[in-house]
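The values are calculated or read from the model by the stated rules, or taken from the named source; none is laboratory data. Owing to the predicted nature of the structure, the values given are computational and were not obtained by experimental measurement. A quick note on method: Cβ atoms are made from the backbone with ideal geometry, for glycine too, and the neighbour counts reach across all protein chains shown.
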Ligand SMILES: CC(C)(COP(=O)(O)OP(=O)(O)OC[C@H]1O[C@@H](n2cnc3c(N)ncnc32)[C@H](O)[C@@H]1OP(=O)(O)O)[C@@H](O)C(=O)NCCC(=O)NCCS
């Protein structure tokens, strides 16, 4: 692991990220939702993260409240500012999929490429294992190089590509589905 990276050791609550100083990791609170929204909307603007339009804080508060005790939302923080977040959300309302969750992960623009994403994701996966979850799924653009590299590094494997699956501004996009088992079965 190169020295620029945040430590991925999930037991540590604090890690050094490049030259940017200490980054801490904790469960998100509702008071974090404005920052979570701002960081999500940066991902929307940059065009590589989602087909969604920008969200309002109100929409994100509703999203946050949907997360039950088996659906963690965590944040990375530096100098009192939220610099990234990651979540495991309900994948399906059907009971048979209760322990399958869907990943979202977003890092503040100026903090990308410094190891925050890897540190967040490794902690979130460990949290999922601690909760007894079975699997994490995700859906992303195949051309999201940073995301795909991060996911593969942390053990996600390709399920397949949905061709022309989602539309934005009249243009259809392929969507890569990936999964990461958290248990042996
Ligand atoms: C995708 C994202 C969460 C990754 O987090 P990050 O903190 O930037 O990633 P890390 O610094 O932990 O790096 C992860 C890997 O991706 C690589 N990477 C980072 N930025 C990259 C880029 N622009 N192009 C290619 N690879 C990149 C890193 O080099 C690293 O691989 P390495 O360790 O082999 O060098 C973050 O870039 C982000 O928030 N992007 C915008 C929102 C988004 O796309 N979210 C995912 C939606 S599916």
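Some values worked out for this structure:
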read-out: Residue 118 vs. criteria under 16 Å from the mean Cα position of the chain (by Cα) and at pLDDT 95 or above; value: yes
read-out: Failed condition for residue 149, given (1) free of Cβ contacts under 8 Å to residues at least 12 places away in the same chain; (2) closer than 28 Å to residue 96 by Cα; (3) near the ligand (Cβ under 8 Å from one of its atoms); value: (2)
read-out: Complete set of residues in segment 116-143 that are outside any helix (DSSP H, G or I), over 25 Å from residue 164 (Cα atoms) and in contact with a strand residue (DSSP E or B) (Cβ under 8 Å, 6 or more places away or on another chain); value: 133, 134, 135
read-out: Selection status of residue 166, surrounded by fewer than 19 Cβ atoms within 10 Å (Cβ to Cβ) and in contact (Cβ under 8 Å) with a residue 12 or more places away in the chain; value: yes
read-out: Selected residue (criterion: surrounded by the fewest Cβ atoms within 10 Å (Cβ to Cβ)) from residues of segment 56-75 that are in contact with a helix residue (DSSP H, G or I) (Cβ under 7 Å, 6 or more places away or on another chain) and within 30 Å of residue 132 (Cβ to Cβ); value: 61
read-out: Considering residues of segment 82-115 that are out of contact with any strand residue (DSSP E or B) (no Cβ under 8 Å at 6 or more places or on another chain) and part of a helix (DSSP H, G or I) only, the residue farthest from the ligand (Cβ to nearest atom); value: 95
read-out: Residue list for segment 119-130, filter: surrounded by 22 or more Cβ atoms within 10 Å (Cβ to Cβ) and either closer than 19 Å to residue 50 by Cα or within 11 Å of the ligand (Cβ to nearest atom) (or both); value: 119, 120, 121
read-out: Meets criteria (more than 7 Å from the ligand (Cβ to nearest atom), crowded, with 18+ Cβ neighbours inside 10 Å, touching a residue at least 60 places away in the same chain (Cβ under 8 Å) and more than 21 Å from residue 32 (Cα to Cα)) for residue 133; value: yes
read-out: Condition met for residue 180 (part of a strand (DSSP E or B) and loosely packed, with under 13 Cβ neighbours inside 10 Å); value: no
read-out: Single unsatisfied condition, residue 27 versus (1) within 16 Å of the ligand (Cβ to nearest atom); (2) under 15 Å from the mean Cα position of the chain (by Cα); (3) surrounded by fewer than 17 Cβ atoms within 10 Å (Cβ to Cβ); value: (1)
